[in-house]
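Student: The structure under discussion is supplied below as structure tokens; questions concerning it will follow.
What follows draws every value from the coordinates through simple rules; no lab data is involved. Since we're looking at a predicted model, the values are computed, not measured. Cβ: placed from backbone, ideal geometry, glycine included. Neighbour counts: every protein chain shown.
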Amino acid sequence: MMRNKKDPEIDRLEEEIKSMPEPDYEKHFNHEIQEKIHRNLMNNTKVQKKRMIYRNVQPVILGMAGIAALWLFITIVIPINNSPFNNGISDSAFQDELEAFFESSMEEMGRPSESYSIFHQELNVWDKQDALVFFTEKRTKDLEVHMVYFQKERDSWKWVGEIGTTWNSKINWTMAEKVPYLYSGPLNDESVSEVIVAGKQAKIIEYTDQLRFWYIKVDKQFATVSYRFKNGDEAVVERIEQ
């Protein structure tokens, strides 16, 4: 049997180790040093355990976060983006739904479709689920203009209130007698640039080139109405012209 030759380098290392002085066990391995070594070992073990637990739990946490984000997207983002209220009046199907409710309500009040004409509609006026319908009606020799405010509750429309006035009359504007406090009126004066109600600017819409109509919703009844003219002047407008 052949004997393996011993590596000279190993022999050299063994000789160096043997030549080293004997350790002082009482000095270098006393009770305090042993306790310190023990604490370091325990701390390192805890750190390693925490790292191992985090590595094992991390995929679960990321998976749960992904599921939560997907749930929020499905339940909140998609319904909001698909809501007809975000599409405005361009969503013809939603507009048809509102018109159908309006026409059926008018029919129930004895106001057939041939007696009026819708000239303007708006969605999301003051809330996400509300609407305005503007129409003219001729029950007398004078032309009347009306505004109806709707709110949608759950899946159905609710007729909240209606105000109207007659063009070329002594009534400059009308208001709702209960909440919501709606104000509206015709504008025959082309020099009027703005209508201010309770310190807020009303919205003006055009019926024809000469006839305009303004409206607003405010927080209080019996508010002050004023006209602001193109030349910068401003004048309070009484409800009924004297």
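Student: Set the bar at 26 Å for Cα to Cα. Now go through K170/K203; K128/K203; K141/K217 and name every pair that lies beyond it. Present the calculation step by step, with values, prior to reporting the outcome.
Tutor: Details: K170/K203 21 Å; K128/K203 18 Å; K141/K217 29 Å.
Flagged as over cut-off: K141/K217.
Student: Something else: List the trypsin sites (Lys or Arg not before Pro) in segment 107-170 that DSSP assigns to loop (not H, G, I, E or B) and whose Cβ has at most 16 other Cβ atoms within 10 Å. Which are they?
Tutor: Details: sites: K128, K138, R139, K141, K152, R154, K158, K170; in loops: K128, K138, R139, K141, R154, K170.
Passing both the DSSP loop test and the Cβ count: K128, K138, R139, K141, R154, K170.
Student: Moving on to the next point. Quick one: if you stick a label point 7 Å off each Cα along the C-beta vector at K178 and A93, how many nm between them?
Tutor: Result for the modelled spin labels: 3.5 nm.
Student: Give me the compactness ratio for segment 86-236, meaning the Cα radius of gyration over 2.2 N^0.38 Å.
Tutor: Numbers: Rg = 15.7 Å, N = 151, 2.2 N^0.38 = 14.8 Å.
Relative to the 2.2 N^0.38 Å estimate, segment 86-236 comes out at 1.06.
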